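Participant: Attaching a single structure in structure tokens format; questions to follow.
The values are calculated or read from the model by the stated rules, or taken from the named source; none is laboratory data. If you're wondering where the values come from, they're calculated on a predicted model, not measured in any experiment. In this analysis, Cβ positions are derived from the backbone assuming ideal geometry, glycine residues included, and neighbour counts consider all displayed protein chains. For the accessible areas, the whole protein counts, side chains as well, though only heavy atoms, and no ligand, DNA or RNA atoms are used. Shrake-Rupley method; radii C 1.70, N 1.55, O 1.52, S 1.80 Å.
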Amino acid sequence: MRIQLELPDTIANRVRSLMKEADIKTYSEYFGYALTGLDWMAKERRQGRMIVSTDRDFTQVKELSMPILETLSLRAEERAREEKQQPVPAVSQ
């Protein structure tokens with residue numbers, strides 16, 4: 001698949017800077033890593049978990065908040081509520 005993006009210079013510079021720092025050679029590799037991270041975060045939020053960063057002593061904790069993750073979390077909660085409200089079919093004997 002071929003994808004073409006138009007990014008503002010500030011974001012394009014951030015991408016190039018991180019690619020250089022991490023020794024990533026291609027945009028495909030960079031976005032592969034980004035997608036892997038987003039997939040994992042989405043899975044965790046669907047399961048009701050938070051995405052956090054903490055220092056080694058666990059004294060400072062910061063939660064990551066992104067609209068996409070909040071949407072996925074809310075939809076997973078809605079599905080869980082709907083499943084609980086589904087009537088259980090009667091078993092005839």
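Participant: Pull out all pairs, ordered by first then second residue, where Cβ-Cβ is under 6 Å, the residues are six or more apart or on different chains, the first lies in region 24-50 and is under 14 Å from LEU64 (Cα atoms), and the second is small (Gly, Ala, Ser).
Facilitator: ARG45/SER73
Participant: Condition check: under 22 Å from the mean Cα position of the chain (by Cα) and exposed (fewer than 10 other Cβ atoms within 10 Å of the Cβ). Does ASP23 satisfy that?
Facilitator: Answer is no for this residue.
Participant: Moving on. If you take the residues of region 42-93 that are part of a helix (DSSP H, G or I) and among the β-branched types (Val, Ile, Thr), which of them is least open to solvent (accessible area, probe 1.4 Å)? Break it down stepwise before answering.
Facilitator: Here is the first cut: in region 42-93, the ones part of a helix (DSSP H, G or I) are 42-46, 67-85.
Still in the running and among the β-branched types (Val, Ile, Thr): 68, 71.
Numbers: ILE68: 79, THR71: 57 Å².
Going through the qualifying residues, I end up with THR71.
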